[in-house]
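Read-outs throughout are calculated quantities, based only on the coordinates presented, and are distinct from any laboratory measurement. The model shown is predicted, which means the values in this text are computed figures rather than measured ones. Using ideal geometry, Cβ is built from the backbone for each residue, glycine included, and neighbour counts are taken over all protein chains shown.
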Amino acid sequence: MYWKKKEDVVVIKAVIFDFDGTLADTLPVCFMAFESVFMKFDNREVTSEEIKAMFGPSETGIIRENLKNNKYDEAIELYYEIYKERHKNFVQNNEDINALLSLLKTKGYKLGIVTGKARRSLDISLECLGLHNFFDIIITGDDVEFPKPHPEGILKAMEYLNVFPNEAVFLGDSDADIMAGKQANVLTIGVHWLPNYQTIDFKVQPDEVYRSINDFITSFSVKKVK
């Protein structure tokens, strides 16, 4: 894959993705699970925008940091129960995402995920969507001390994949994703290609923004990695 900026051509060896809102349209089921938790344990309604503002830590961290009721373990279990039960109804398998990952994998690119989700919820989503076998490295919110926009997760992924920053690209749908990518000195791609995403207008401008998976594929020259 070649990426051209100004007069420079960069050879990309690793493609690293955010998950929610980037690889899967999971935000609606995340919102529903959080809404249920806050209503049951705090008896308060929270909006999608209020939940977005809590994003950064994993869902367990969000609950522990924002729930007024101290029954954290019960609340966390309710979150996962709802997330798993409602996943199949709310999150559809995306053929374009599958085709993109299959293409990149076939051509020899190293693939990774860096997400703020906890491992438990990510495993639920990967299993439901049949995405487990695509990725060489997965970094979740459980695997880092500092969540995005800190670059720790991306740096860990690159270390594992044995690539330099100028050989990697990070794709995400939020300001935190783009900021993390820039702090890791990788190319950044903002995506608005799923029905639900976190950031409408990026405060930190990505190197590129794509609203279509096919546009992303055709805008890059994809060839087999040597």
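Annotations for the structure displayed:
- Aspartates and glutamates whose Cα lies under 19 Å from that of Lys156, excluding same-chain neighbours fewer than 8 positions away: Asp18, Asp136, Asp142, Asp143, Glu145, Glu167, Asp177
- Here is the size of the chain from its Cα atoms: Rg then Dmax, 17.3, 57 Å.
- Computed magnitude of the charge dipole of the chain (debye, nearest 20; Cβ of K, R +1, Cβ of D, E -1): 740 debye
- Here the peptides 66-78, 102-114 are ranked by packing, the mean other Cβ count within 10 Å, and the order with the highest first is 102-114, 66-78.
- Helix 119-129 and the longest principal axis of the C-alpha atoms of the chain enclose an angle of approximately 70°.
- Against the main long axis of the alpha-carbon atoms of the chain, helix 95-106 sits at an angle near 50°.
- Rounded to 10°, Cα long-axis angle of helix 27-42 versus longest principal axis of the chain: 20 degrees
- Computed from phi, the 3J(HN,Hα) profile of region 182-190 under the Karplus parametrisation 6.51, -1.76, 1.60 (θ = phi - 60°) reads 5, 5, 8, 6, 9, 5, 10, 10, x Hz, with x in place of Gly and Pro.
- With contributions of -39500 (n - 2.57) from each DSSP H run of at least four residues, the per-residue ellipticity at 222 nm computed over the chain stands at -13500 deg cm²/dmol.
- In region 12-120, the C-alpha radius of gyration followed by the widest Cα-Cα span (Dmax) gives 16.0, 51 angstrom.
- Taking a sphere under 14 Å around the Cβ of Glu45 and counting the other residues whose Cβ falls inside, with K and R at +1 and D and E at -1, yields a net charge of -1.
- Only alpha carbons enter this Debye calculation for region 129-191, each as an equal point scatterer, and the log10 of I(q)/I(0) it gives at q = 0.20 Å⁻¹ is -0.78.
- Label sites at Asn133 and Glu74, each approximated as a point 7 angstrom past Cα along Cα to Cβ, lie 4.3 nm apart.
- Coordinate range along principal axes, alpha carbons of region 27-90, Å, largest first: 30, 23, 21
- Remark on Ile113: its backbone amide H falls under 5 Å from those of Phe17, Ile137, Ile138, Ile139, a criterion applied only to residues 5 or more positions apart or on other chains, H modelled at 1.01 Å from N.
- Rounded to the nearest 20, the size of the Cβ-charge dipole of region 27-90 about its Cα centre is 80 debye, with Lys and Arg at +1 and Asp and Glu at -1.
- Length released on extending from Gln205 to Glu159, taking residue separation times 0.36 nm less the Cα-Cα span: 14.0 nm
- Given in Å, the Rg to one decimal and the Dmax to the nearest whole number for the Cα atoms of region 58-132 are 15.5, 50.
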